[in-house]
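The block underneath contains the structure these notes are about, expressed in structure tokens.
The values are calculated or read from the model by the stated rules, or taken from the named source; none is laboratory data. Note that the structure is predicted; figures quoted are calculated from it, not measured. No Cβ is skipped: glycine too gets one built from the backbone with ideal geometry, and neighbour counts run over all protein chains shown. The protein model used for the area step is the full one, side chains on, heavy atoms only, and it has no ligands, DNA or RNA in it. Shrake-Rupley method; radii C 1.70, N 1.55, O 1.52, S 1.80 Å.
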Amino acid sequence: MAFDSDQARRFIDLGDRDFAPFFAGRAAEIRHFESSFNTLAWKEKTSAAFRIFQGAPGCGKTSLVRHLRRLYADDVLFVDIGDEDLVSKEALTRRIREKALSFGSLKGGLAAFAQMVGTYLRVTRPGSDEVRNFFADHATRDKKVVLFMDEAQVFGEDQQPGLVLLHTTGLGFPTVALLAGLSHTAGRLRAIGGISRLADNAIINMGAMSESECIDSTDLLMAACGAAGDSMAAEQARRTVARISRGWPQHLNGAQRALCRELLRTDGVLAKVDFDVVRSESDRARHDYYSVRLSDTVLDIVPAATARIVFKVTETRPDRMYELEGVCEEVIADMGLDKDTRFRTNAEQIAKALVERGVLAIADGGSYDVAIPSILDYLNEVSRPPSAS
């Protein structure tokens with residue numbers, strides 16, 4: 001296969017990674033989603049099965065959901081739900097009805113199911129026995145409605161009506177509530193009255209990819225571009241890109257784009273790729289990404305304080321927000337910032353920003369930890385005093 005320079009350019013121009021054309025791995029996350037179907041079948045209830053993907057920015061939540069849409073395109077009706085659609089039962093059912101009826105204008109089994117959903121949401125009160133009986137008698141077991149809600153960490157009491165409807169009586173047909181958000185999403189949802197008791201299998205914390213998953217993704221990219229080289233050259237490219245990314249999807253995308261730029265220079269010949277250039281370009285992109293994430297926040301006022309807090313968190317692993325705030329208070333006092341009138345911020349603001357900006361995330365054990373290992377390198381760099389000239 002000849003080198004496809006157009007494919008390489010398209011991937012470079014794709015830019016930031018909301019979409020992963022060379023998706024690989026995430027078997028645990030996919031299984032987490034698939035388990036929702038078993039939950040619905042086992043419960044034999046109309047309440048929605050909640051599945052929450054939470055993690056730091058750049059961990060691949062959006063690209064995972066896009067991948068799930070492709071995997072289940074024939075069996076699942078995906079409906080995007082915004083915060084405005086959850087303010088009332090009427091708003092939620094109207095959004096689903098409109099989406100279902102538009103989808104039902106197509107052909108096929110899923111389209112017929114969508115038409116069924118839309119019709120009964122239009123003419124029948126959601127949650128009534130008539131709806132339940134109809135779907136029990138006529139709806140095929142493998143057809144589901146998945147309501148996808150992104151940026152769910154911003155949901156609050158305004159979204160209570162729609163969320164409570166899904167969590168309790170449901171809509172009368174098989175429904176999965178698929179939510180994606182930052183690592184404190186589940187905590188934010190539990191604070192909303194009526195949905196505090198999320199199932200213990202509802203939440204999955206998304207983190208780094210394995211090295212083998214990064215290798216598989218890079219292999220797909222090189223095959224699509226028609227990169228030329230023997231097995232040794234291909235193995236070097238795969239492993240170098242995987243190691244540069246350090247398992248983080250955002251940075252894997254940056255390293256793969258850097259590889260594509262080199263392939264354009266070498267006309268697809270892997271043996272001529274300068275991996276020092278790939279590495280330095282990836283490092284620069286990673287630095288810029290972290291700089292933008294922390295800029296214009298309290299975390300950027302005194303970078304040395306942010307760095308010290310994060311390092312202390314990795315040592316103490318607080319598992320409550322008030323404990324994280326305690327770490328922030330301790331560092332502020334140790335550095336004398338509590339007496340500095342120029343430092344107009346407090347521990348609560350810093351702790352909140354660390355989580356919301358994805359510097360810290362909730363690990364599987366429930367404690368706070370650094371979201372991305374490579375961010376420690378960045379914090380070390382920006383908090384280091386400038387060398388004397």
Under a plain spin-label model, where a point goes 7 Å from the Cα along Cα-to-Cβ, how far apart in nm are residue 232 and residue 269? 1.6
Fully extended contour minus Cα-Cα distance, from residue 38 to residue 164, at 0.36 nm per residue: 43.2 nm
Considering the dipole of the chain built from charges on the beta carbon (Lys and Arg +1, Asp and Glu -1) around the Cα centre, which of 301, 266, 189 is farthest to its positive end? 189
Where does helix 129-138 land angle-wise versus the long Cα axis of the chain, in degrees 0 to 90, nearest 10? 80
Label-point separation, residue 88 to residue 287 (7 Å along Cα→Cβ), nm: 5.4
According to the Cα gyration tensor, what semi-axes, each the square root of 5 times an eigenvalue, does the equivalent ellipsoid of the chain have, listed from largest to smallest in whole Å? 40, 32, 15
For the stretch 88-102, in residue order, the Karplus 3J(HN,Hα) values (coefficients 6.51, -1.76, 1.60; θ = phi - 60°; whole Hz; Gly and Pro = x) are 7, 4, 5, 5, 5, 5, 5, 5, 5, 4, 4, 5, 5, 5, 5
Rank-order 32-39, 168-175, 290-297 by packing density, defined as the average count of other C-beta atoms within 10 Å over each peptide's residues, highest first. 168-175, 32-39, 290-297
I want to verify a result. In a Gaussian network model of the chain, Cα cutoff 10 Å, which of these has the top mean-square fluctuation: 315, 29, 325? 315
Cα centroid separation - the stretch 148-166 against the stretch 329-389, whole Å: 30
Taking H as built 1.01 Å from N, whose amide H comes closer than 5 Å to the amide H of residue 203, not counting residues under 5 places away? 52
Could the peptides 213-222, 245-254, 151-160 be put in order, highest first, of the mean number of other beta-carbon atoms found within 10 Å of their residues? 245-254, 213-222, 151-160
Taking the full set of protein chains and a 1.4 angstrom probe, give the accessible area of residue 276 in square angstrom, rounded to the nearest 10. 110
The stretch 304-389: relative contact order as a whole-number percent, Cα under 8 Å and 6+ apart: 37
Using a Gaussian network model of the chain with C-alpha springs under 10 Å, which one of 208, 223, 304 is most mobile by mean-square fluctuation? 223
Considering only C-alpha atoms, what is the centroid distance from the stretch 251-277 to the stretch 1-32, in Å? 15
Helix-only [θ]222 nm of the chain, DSSP H runs n ≥ 4, -39500 (n - 2.57) each, per residue, nearest 500: -17000 deg cm²/dmol
In nm, spacing of pseudo-spin labels at residue 314 and residue 364 (7 Å Cα→C-beta vector): 2.0
When the chain is treated as a GNM, springs tying every alpha-carbon pair under 10 Å, which of 364, 74, 230 comes out with the largest mean-square fluctuation? 230
Here the relative contact order (percent) of the chain, from C-alpha pairs under 8 Å and at least 6 apart, is 20
Cross-link pairs beyond the 27 Å C-alpha cut-off, checked among 89/352; 144/352; 89/144: 89/352; 144/352
Folded to 0 to 90 degrees: helix 374-383 orientation relative to the chain principal axis, Cα: 50
Taking the DSSP beta bridges in the chain as the whole, what percent of them are antiparallel, to the nearest 5? 15
Where the stretch 159-201 is the region considered: accessible area per residue in Å², 1.4 Å probe: 33
